[in-house]
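Peer 1: So that we are looking at the same thing, I have put the structure below in C-alpha cells.
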Amino acid sequence: MKPCEIAVIVPVYNAAAYLTACTDAIAAQKFDGFRCILVDDGSTDSSPALCDRYAEQDARVKVIHKPNGRAASARNAGLRAASGGYVAFVDSDDWISPEMY
C-alpha cells in the first residue's frame, strides 16, 4: 500500500441503504494514495457492521465507532485520525467520480 496522501473522511449515521455505493465509489479511485476513514456516529441500523466489513476487505479503510454526536462531531473524529497532506469529506449518501482525487 502506498503512503496516505489524502484522508477521505466519511461520517456515517444510519446510512446502510447508501453506504455500499459510497464506499465502492471511493475504492474505485484511480488515485490510490488515500485512506478512507469511516466514522460510525452511533448508527442503529446495519451501518456499523457494513463499515467493519469494508475495513476487513480493504486495508485502505479505517473505521471509528463513536456515540452519536452529529455530523460535525463525526468529521472531527475523522480529522483526529487522519494523516497525510490533504483531507477530503464525502457524505455517506454520496458517491464520487473515479477521477475525484
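Peer 1: If you roll a 1.4 Å probe over the chain with all protein chains in place, what percent of the accessible area is carbon or sulfur?
Peer 2: Summing carbon and sulfur atoms, their accessible area is 52 percent of the total for the chain.
Peer 1: What is the dipole size for the chain, taken about its Cα centre, with +1 at each Lys and Arg Cβ and -1 at each Asp and Glu Cβ, in debye to the nearest 20?
Peer 2: It works out to roughly 380 debye.
Peer 1: Related question: Compute the convex hull volume of the Cα atoms of the chain, divide it by the residue count, and report the result per residue in Å³ as a whole number.
Peer 2: Here the figure is 79 Å³ per residue.
Peer 1: Oh, and also: Under a 1.4 Å probe, what is the accessible area of the chain per residue, stated in Å²?
Peer 2: Per residue, the chain has 54 Å² of solvent-accessible surface.
Peer 1: Specify whether the C-alpha gyration tensor of the stretch 50-89 places it in the rounded, prolate or oblate class, a ≥ b ≥ c being the square roots of the eigenvalues: rounded for a/c under 1.5, otherwise prolate if a/b is larger than b/c and oblate if not.
Peer 2: Cα axes put the stretch 50-89 in the oblate bin.
The values are calculated or read from the model by the stated rules, or taken from the named source; none is laboratory data. This one's a predicted model, so the numbers in the text were calculated from it and none came from an experiment. Cβ coordinates were reconstructed from backbone atoms using ideal geometry, including for glycine residues, and neighbour counts include every protein chain displayed. We work out accessible area using only protein heavy atoms, side chains counted, and drop any ligands, DNA or RNA first. Shrake-Rupley method; radii C 1.70, N 1.55, O 1.52, S 1.80 Å.
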